[in-house]
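Trainee: Below is the structure I would like to discuss, written out as structure tokens.
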Amino acid sequence: MKLDMNSKYLKKFTSAANQVRNIISDIPDIAIIAGSGIAASFEKNKNTQTLNYNILENFPKTSVEGHHGEMLHYDFDGKNALVFSGRFHYYEGRTLSEICSIVALIHILGIKRLIITNAAGGLNPKFQVGDIMLFNDTIDFFFFKNYDSSFVPADTDYRCPVNRNNSSYQEQLEAELIRSGIPYQNGVYIGVTGPNYETRAEIRAFRRLGADAVGMSSVPELKAAKILGIETIGLSLITNTASEIMQEVTHDEVIIAARDSATKIKSIIKKAVNL
Ligand code: HPA
């Protein structure tokens, strides 16, 4: 079934968008969703304008440690971008509408490019902790049955609404990374609900399904962005490998690993912003 975004749902973000415009007069054309631990790499300076999600009308508030819940108007040594430090997860009991709020807001703000980042477990045996994987494609294991008010079935067109995520934006970034000699991996991201990390059997199953990295976010946001015509790049920071997941990973370890390698992902984000 083809999906669309509910216009009533999108309208809910009009006042929040106006609040953002009142604080940030020159809205950049790129936004970034900073995942677990990655947000910490965006150090603020005196020129960084910040806006707490809590002040935004009809916008969810954040709760998980490592997710701050604020928007930064951030200077990437040339171009500015809006960094959303803190996202909304299914495992916190969020609805699909809440999870897609950031994407809906940036759409109302007229932003056309989005970089979605996350911490993920490496399933591909070639991946090491600290590697950055650009999404080639995704597998949606959220299995949202009830597309709440954010998504609506558009018609009975059975074409996949969010097929391959390879945007020309991503192609430009990959060309630039190759030119600059910045290493990266490519792969398939499987999005799961969590909150538990995977069992050994799940790791084996996900590998056989063709997934290279596993995480608990990003797929719903990517879907929403695709439907709204926003060009996206998905980036995973590999914070642990499948063999480590088998020995039981903790949320704290993931946050620490993400912080340790955050400069790497930041240099890739900087390239993507300044393309
Ligand atoms: N599994 C799921 N989500 C994750 C992982 C993992 O191993 N690491 C970081 N986020």
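Trainee: Rounded to the nearest 20 debye, what is the charge dipole size of the range 1-148 about its Cα centre when +1 sits on each Lys and Arg Cβ and -1 on each Asp and Glu Cβ?
Mentor: Working: 15 positive and 15 negative charges, 72 e Å.
Dipole of the range 1-148, to the nearest 20 debye: 340 debye.
Trainee: Provide the gained length on full extension for the span Asn54 to Phe142, in nm with one decimal, where the gain is 0.36 nm per separating residue minus the Cα-Cα distance. Working shown, then result.
Mentor: Values: separation 88, 0.36 × 88 = 31.68 nm, distance 2.68 nm.
That works out to 29.0 nm of additional length.
Trainee: Another one. For a 25 Å ceiling on Cα separation, which of these pairs sit above it: Lys8/Lys112; Lys8/Lys226; Lys11/Lys46; Lys8/Lys44; Lys126/Lys266; Lys12/Lys112?
Mentor: Flagged as over cut-off: Lys11/Lys46; Lys8/Lys44.
Trainee: A further question follows. Give me the one-decimal nm value for the distance between modelled label points at Ile23 and Val152, 7 Å along each residue's Cα-to-Cβ direction.
Mentor: With each label placed 7 Å out from Cα toward Cβ, I get 3.1 nm.
Trainee: What's the FRET efficiency of Glu176 with Ser15 using the Cβ-Cβ distance as r and R₀ = 30 Å, to the nearest 0.05? The partial results should precede the final answer.
Mentor: Values: r = 37 Å, r/R0 = 1.24.
For R0 = 30 Å, the calculated efficiency reads 0.20.
Trainee: Would you work out the charge dipole size for the chain about its Cα centre, treating the Cβ of every Lys and Arg as +1 and the Cβ of every Asp and Glu as -1, and quote it to the nearest 20 debye?
Mentor: Taking the Cα centre of the chain as origin, the dipole is about 420 debye.
Trainee: Could I have the simple spin-label model distance between Thr250 and Lys126, label points 7 Å from Cα toward Cβ, reported in nm to one decimal?
Mentor: For the pair Thr250/Lys126, the computed spacing is 3.4 nm.
Trainee: Could you state the orientation-averaged shadow area of the convex hull built on the Cα atoms of the range 167-221, in nm² to one decimal?
Mentor: One quarter of the hull surface, i.e. the mean projection, equals 5.0 nm².
Trainee: Considering only DSSP beta bridges with both partners in the chain, what is the antiparallel share in %, to the nearest 5?
Mentor: Values: 20 of 49 bridges.
Here the antiparallel bridges make up roughly 40 percent for the chain.
Trainee: Which one, Val129, Asn18, Ile99, projects farthest toward the positive side of the charge dipole computed for the chain from Cβ point charges (K/R +1, D/E -1)?
Mentor: It is Asn18, whose Cα lies furthest towards the positive end.
Trainee: While we're here: Work from the charge dipole of the range 1-152 (Cβ charges, +1 for Lys and Arg, -1 for Asp and Glu, about the Cα centre) and give the residue of Asn45, Gly110, Met71 farthest towards its positive end.
Mentor: Gly110
Trainee: What does the helix-only formula give at 222 nm for the chain: each DSSP H stretch with n ≥ 4 adding -39500 (n - 2.57), the total divided by the residues, and the result rounded to the nearest 500 deg cm²/dmol?
Mentor: -9000 deg cm²/dmol
Trainee: Just add up the charged neighbours of Leu114: K/R +1, D/E -1, any other residue whose Cβ is under 13 Å from the Cβ of Leu114.
Mentor: +2
Trainee: On the Cα set of the chain, report Rg and Dmax in Å, please.
Mentor: 17.5, 52
Trainee: Based on the alpha-carbon set only, what is the convex hull volume of the range 3-130 divided per residue, in Å³?
Mentor: With only Cα atoms used, the range 3-130 gives 142 Å³ per residue.
Trainee: List, largest first, the extents of the alpha carbons of the range 32-91 along their principal axes, each in whole Å.
Mentor: 36, 25, 16
Trainee: Where the centroid of each part is defined by its Cα atoms, how far is the range 16-56 from the range 65-130 in Å?
Mentor: Result: 11 Å between the Cα centres.
Trainee: Given a Förster radius of 22 Å and the C-beta distance between Arg204 and Tyr184 as r, what FRET efficiency does 1/(1 + (r/R0)^6) yield to the nearest 0.05?
Mentor: Step by step, r from the Cβ atoms, then E = 0.25.
Every read-out reported here was derived from the displayed coordinates using simple, explicitly stated rules and does not represent laboratory data. Because the structure is a prediction, the values reported are computed rather than measured. Neighbour counts run over all protein chains shown; Cβ positions are idealised from the backbone, glycine included.
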